[in-house]
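Q: Let me give you the structure first, and then I'll get to my questions.
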Amino acid sequence: MSSRGTDVEDAVDSEVAAPARGTGTRRRVGYVAGLFGLLLLLLLGAVVVLVAQGSIAIPIGEVLRVLTGQDAQSQLSRTIVLDARLPKVVAGLLAGAALAVGGAQMQTLFRNPLADPFVLGVSSGAILGASIVILGTSGVGWLSGLGLVSQLGVTGAAVAGAAGVLLIALGIARRVGDPVVVLVVGVMLGYLAGAVVDMLVYYTDPDRLQALATFTRGSVRNVTWNELQVIAVSCAVVLVLSVFLAQPLNALLLGDRYAGSLGVNVRRVHFLSLASVAVLSGITTAYCGAIAFVGLAAPHLARGLLRTADHRVVLPASALIGAVIVLVAEYVAGGNGLTKTSLPLNSVTAFVGAPVILWVLLSGRARRQAG
């Protein structure tokens, strides 16, 4: 009798729990969909506002007509939107998305919440590689005097520099295994790369330093459509690749050995992830300069908002958040047209990245004390 009653109670409990789980799942899906919708609206709003604002303000309605292919009321407005402002906005969008996705992958591969292309010295390696080409050419300005071959040389050098630092950091991570040590080594590699760049600057003709000064501060303001083609194709390929790496990265969250037991080719995932991060860092650094803290802040904000570490949603959310951060930072840095001078993009993104670093450190310490 008691056994029968227990069976009935278990059946009733399961019937009650199933709708509850279903309701929780529906709420979860609705929350995630709503969050992605909000991020898309923020991104579209940032694009429109940044295109509209500048030294010559253009009404938002006129901007929307131009962007949607309708006839513009003024040919000047059309020229400003399509030729002067849209390339930098798209470049900032792609750079932010790429750096954020790269940061999310590095935090998983290195098992370090403070890993990102800038903190681990990857961006510094890209700067070093690109600086060798920029300072060694006869062109002056932000890639303006370089032909297509020289531009690809700058890009290739930036990718090579990023890959070199990344491989050194990964080798040390495998040998040491301590995330703090890896972080310190990455910072030291960044300092070493910066020291080499300073030495190159010391022995370089002063007329060639303006391109490097703009380069190291980070800027998307001078990106042209020709340069954007290289950025767009490279970033699109690597961002699509990150979608296929999402599931293997989820397995790596529990360790390489566990991922291997699930049939994941750990070496291949490491190679593809690191190669994609090197390409993304090199491409964005070559054309947009060093943009710091986006790759660190965006993944943590994505995980915090989504309340999950699932890369299938964290990676696209990080891309959207990174794009929004860069566009808003560009607006604050000078894209609003309210001032004649413009701030370095790095200075503005630091206001987002530095608090996130403090939050990660303090929350990690609080969890350790609670445990």
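Q: Just one of (1) modelled with pLDDT under 80; (2) over 19 Å from THR284 (Cβ atoms) trips up GLY304, so point out which.
A: All conditions pass for GLY304, except number (1).
Q: Restricting attention to region 221-236, report how many residues are more than 20 Å from LEU345 (Cα to Cα) and in contact with an Asp or Glu (Cβ under 9 Å, 6 or more places away or on another chain).
A: Adding up the residues that qualify gives 1.
Q: A further question on this structure: Return the only residue of ALA251, ALA297 being touching a Leu at 6+ places or on another chain (Cβ under 6 Å) and either surrounded by 19 or more Cβ atoms within 10 Å (Cβ to Cβ) or under 25 Å from SER131 (Cα atoms) (or both). Quick ask: steps written out before the conclusion?
A: On the way: ALA297 fails: touching a Leu at 6+ places or on another chain (Cβ under 6 Å).
Testing whether each residue is touching a Leu at 6+ places or on another chain (Cβ under 6 Å) and either surrounded by 19 or more Cβ atoms within 10 Å (Cβ to Cβ) or under 25 Å from SER131 (Cα atoms) (or both) leaves just ALA251.
Q: On to the next question. In the list ARG365, ARG267, which residue meets the criterion of being among the basic types (Lys, Arg) and at pLDDT 80 or above? Before you say what the answer is, go through the steps one by one.
A: Numbers: ARG365 fails: at pLDDT 80 or above.
Checking each option against the conditions leaves just ARG267.
Q: What do you reckon, is VAL277 over 22 Å from GLY45 (Cα atoms), touching a His at 6+ places or on another chain (Cβ under 8 Å) and modelled with pLDDT under 90? Talk me through it step by step, then tell me what you get.
A: Values: over 22 Å from GLY45 (Cα atoms): yes; touching a His at 6+ places or on another chain (Cβ under 8 Å): no; modelled with pLDDT under 90: yes.
No: the conditions fail for VAL277.
Q: Separate question: For region 238-324, which helices (runs of 4 or more DSSP H) that fit wholly inside it have 1 or more residues that are of a type in the set (Gly, Ala, Ser), in contact (Cβ under 8 Å) with a residue 12 or more places away in the chain and closer than 13 Å to ALA97 by Cβ? Full working, then the answer.
A: Working: elements: 256-261, 266-288, 294-306.
Result: 266-288, 294-306.
Q: Another one. Looking at (1) surrounded by fewer than 21 Cβ atoms within 10 Å (Cβ to Cβ); (2) more than 16 Å from the chain's Cα centre (by Cα); (3) farther than 26 Å from LYS88 by Cα, find the lone condition where VAL332 falls short.
A: Of (1) surrounded by fewer than 21 Cβ atoms within 10 Å (Cβ to Cβ); (2) more than 16 Å from the chain's Cα centre (by Cα); (3) farther than 26 Å from LYS88 by Cα, only one is false for VAL332: (3).
Q: Next question. Give all pairs with beta carbons closer than 6 Å in which a residue from region 65-81 that is within 15 Å of VAL51 (Cα to Cα) meets a residue that is surrounded by 12 or more Cβ atoms within 10 Å (Cβ to Cβ) and among the small types (Gly, Ala, Ser); count only pairs at least 6 apart in sequence or on separate chains.
A: ARG65/ALA72; VAL66/ALA72; ARG78/ALA72
Q: Output the residues belonging to region 83-135 that are of a type outside the set (Gly, Ala, Ser) and within 30 Å of ARG65 (Cβ to Cβ).
A: ASP83, ARG85, LEU86, PRO87, LYS88, VAL89, VAL90, LEU93, LEU94
Q: For PRO344, state whether it is modelled with pLDDT of 90 or more and farther than 13 Å from ALA95 by Cα.
A: No; evaluated as a whole, the condition is false for this residue.
Q: Tell me, please, whether a residue that is within 30 Å of LEU272 (Cα to Cα) and touching a Leu at 6+ places or on another chain (Cβ under 8 Å) can be found in region 76-87.
A: Step one: list which residues in region 76-87 are within 30 Å of LEU272 (Cα to Cα), which gives 87.
With touching a Leu at 6+ places or on another chain (Cβ under 8 Å) added as a condition, the list becomes 87.
Within region 76-87, one or more residues are within 30 Å of LEU272 (Cα to Cα) and touching a Leu at 6+ places or on another chain (Cβ under 8 Å).
Q: For VAL326, indicate whether it is over 16 Å from the mean Cα position of the chain (by Cα), at pLDDT 75 or above and not charged (D, E, K, R).
A: On the way: over 16 Å from the mean Cα position of the chain (by Cα): no; at pLDDT 75 or above: yes; not charged (D, E, K, R): yes.
No: the conditions fail for VAL326.
Residues are listed down the side, and each one gets a yes or a no for (1) buried (at least 21 other Cβ atoms within 10 Å of the Cβ); (2) part of a helix (DSSP H, G or I); (3) out of contact with any strand residue (DSSP E or B) (no Cβ under 9 Å at 6 or more places or on another chain):
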{"site": "ILE56", "(1), (2), (3)": "no, no, yes"}
{"site": "GLY61", "(1), (2), (3)": "no, yes, yes"}
{"site": "GLY69", "(1), (2), (3)": "no, no, yes"}
{"site": "LEU82", "(1), (2), (3)": "no, yes, yes"}
{"site": "VAL89", "(1), (2), (3)": "yes, yes, yes"}
{"site": "PHE118", "(1), (2), (3)": "yes, no, yes"}
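Q: While we're here: Test ALA302 against the stated conditions and say whether it is closer than 25 Å to GLY34 by Cβ and either within 18 Å of the chain's Cα centre (by Cα) or surrounded by fewer than 17 Cβ atoms within 10 Å (Cβ to Cβ) (or both). It would help to see each step written out before you state the result.
A: Details: closer than 25 Å to GLY34 by Cβ: yes; either within 18 Å of the chain's Cα centre (by Cα) or surrounded by fewer than 17 Cβ atoms within 10 Å (Cβ to Cβ) (or both): yes.
Against the criterion (closer than 25 Å to GLY34 by Cβ and either within 18 Å of the chain's Cα centre (by Cα) or surrounded by fewer than 17 Cβ atoms within 10 Å (Cβ to Cβ) (or both)), ALA302 qualifies.
Q: Please verify whether region 249-268 includes one or more residues that are under 20 Å from the mean Cα position of the chain (by Cα) and among the aromatic types (Phe, Trp, Tyr).
A: no
The values are calculated or read from the model by the stated rules, or taken from the named source; none is laboratory data. What you are looking at is a predicted structure, and each value in this text was computed from that prediction instead of being measured. We place every Cβ from the backbone using ideal geometry, glycine too, and count neighbours over all the protein chains shown.
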